[in-house]
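The values are calculated or read from the model by the stated rules, or taken from the named source; none is laboratory data. All values derive from a computational prediction rather than experimental measurement. Cβ placement follows ideal geometry from the backbone for every residue including glycine, while neighbour counts extend to all protein chains displayed.
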Amino acid sequence: MVVVEELHKEFRGTPALRGVSLDIGTGEIMALLGPNGAGKTTVVRVLTTLLRPDSGRARVDGWDVRRDPAQVRRSTGVAGQYSSVDDMLTGFENLYLVARLRGMKRAPARRTAGDLLDRFRLAEVAGRPAAGYSGGMRRRLDLAAALIGEPSLVVLDEPTTGLDPEARLDTWEEVGRLAARGTTILLTTQYLEEADRLADRITVIDRGRVVAAGTSDRLKAAAGTSRLFVVVARDDEMAAAVRAARLAGGAEPTVDPRGRRVEVAAGDGQEALARVLTALRAEGVQALEIGLGRATLDDVFLGLTTRTRGVTR
Ligand SMILES: Nc1ncnc2c1ncn2[C@@H]1O[C@H](COP(=O)(O)OP(=O)(O)OP(=O)(O)O)[C@@H](O)[C@H]1O
Ligand SMILES: [Mg+2]
């Protein structure tokens, strides 16, 4: 349903996307997981034809986002990161307007708006201006608007950010129902728990690059049962620390240059710790901190992304 190949995008010389590729099968839920500024919204904007990439390709349902933008828009429903609800209009009018803009005739547009208001438990407030809606109601109205015209792909940019736990659960259920109907879904999130719960597959991006992809089980397995970390005092010791961690863990370490921290999955925990000590001694590096911790779900995410983390945790 979706094929994204090697997207690159710069904003005034600052790279936002540095080669993002992903694919989503029909009826699949894909989570695009990443911290602030990772490039999630930029990917969404390219896919929904709102932004031209500098290079790379994206296709939705076989349609190229650059060559056939109108077809892509027809196949796609989108709920952006920031609400597109018109405060002056009522809930009903908001949905009716979108339905009409999508080319529906008056009667079906009215019916669709009514059905969606029921489905998203907004029927009671349907006649009230959206200005008086709570954040959760707004989010639900946005989600409802994304479904108008029964798009085969629904793109949701951080659909639950800022929602209370109950509204979040509601949204999760609705996403699940949508997928059960065969709709393909791309959702972005900063929450690993959300990706884990909803998605068939997860693509983790950080600083415009895909840093991991696969099912959540695979990502957790890749994170290993233990995490081994080394913190060094000087920048010129980093390369040696990376070599030592790679040797000890038998996998490619993640590097946090600011924290001068190197981390690697280590299936055999203590044994890996012994190996890293030997390797560091051989490199002639005196580490500031060396440690072994158990991998948690968050480690998968934190280990893969390299945002400004402190030296200790
Ligand atoms: N229109 C723009 N002009 C300049 N820079 C931009 C623009 N849009 C995005 N960027 C930059 O591109 C990078 C990626 O931004 P993007 O909005 O895609 O991140 P994100 O993953 O959606 O983050 P968030 O979780 O905060 O929504 C950031 O460094 C951002 O500052
Ligand atoms: Mg965003």
Out of all the residues in the stretch 113-129, is one or more within 16 Å of ligand 1 (Cβ to nearest atom), buried (at least 21 other Cβ atoms within 10 Å of the Cβ) and in a loop (DSSP other than H, G, I, E, B)?
no
When you check THR189 against the structure, is it in the same structural domain as THR42 (by TED's automatic domain parsing) and touching an Asp or Glu at 6+ places or on another chain (Cβ under 8 Å), yes or no?
yes
Scanning the stretch 28-66 residue by residue, those among the basic types (Lys, Arg) and closer than 17 Å to GLN190 by Cβ turn out to be LYS40
Odd one out for GLN81, checked against (1) within 16 Å of ligand 2 (Cβ to nearest atom); (2) buried (at least 21 other Cβ atoms within 10 Å of the Cβ):
(2)
Among the residues of the stretch 42-81 satisfying the criterion of being under 22 Å from ASP142 (Cβ atoms) and of a type in the set (D, E, K, R), which is nearest to ligand 1 (Cβ to nearest atom)?
ARG45
Select from the stretch 9-41 the residues that are among the small types (Gly, Ala, Ser), surrounded by 15 or more Cβ atoms within 10 Å (Cβ to Cβ), assigned to a strand (DSSP E or B) and more than 10 Å from ligand 1 (Cβ to nearest atom) and list them in ascending order.
SER21, ALA31
Which condition does LEU143 not pass, out of (1) free of Cβ contacts under 8 Å to residues at least 40 places away in the same chain; (2) part of a helix (DSSP H, G or I), if it passes all the others?
(1)
So, of the residues in the stretch 63-78 that are of a type in the set (Lys, Arg) and closer than 22 Å to ALA99 by Cα, which turns out to be surrounded by the most Cβ atoms within 10 Å (Cβ to Cβ)?
ARG73
Strands (runs of 3 or more DSSP E) (entirely within the stretch 185-231) containing at least 3 residues that are crowded, with 19+ Cβ neighbours inside 10 Å and within 16 Å of ligand 2 (Cβ to nearest atom):
201-206
Result of the Cβ filter at 8 Å on the stretch 26-43, keeping first residues that are touching a residue at least 12 places away in the same chain (Cβ under 8 Å) and more than 14 Å from VAL78 (Cβ to Cβ) and partners that are part of a loop (DSSP other than H, G, I, E, B) and within 6 Å of ligand 1 (Cβ to nearest atom), at least 6 apart or interchain, is LEU33/GLN190; GLY34/GLN190; PRO35/GLN190; ASN36/GLN190
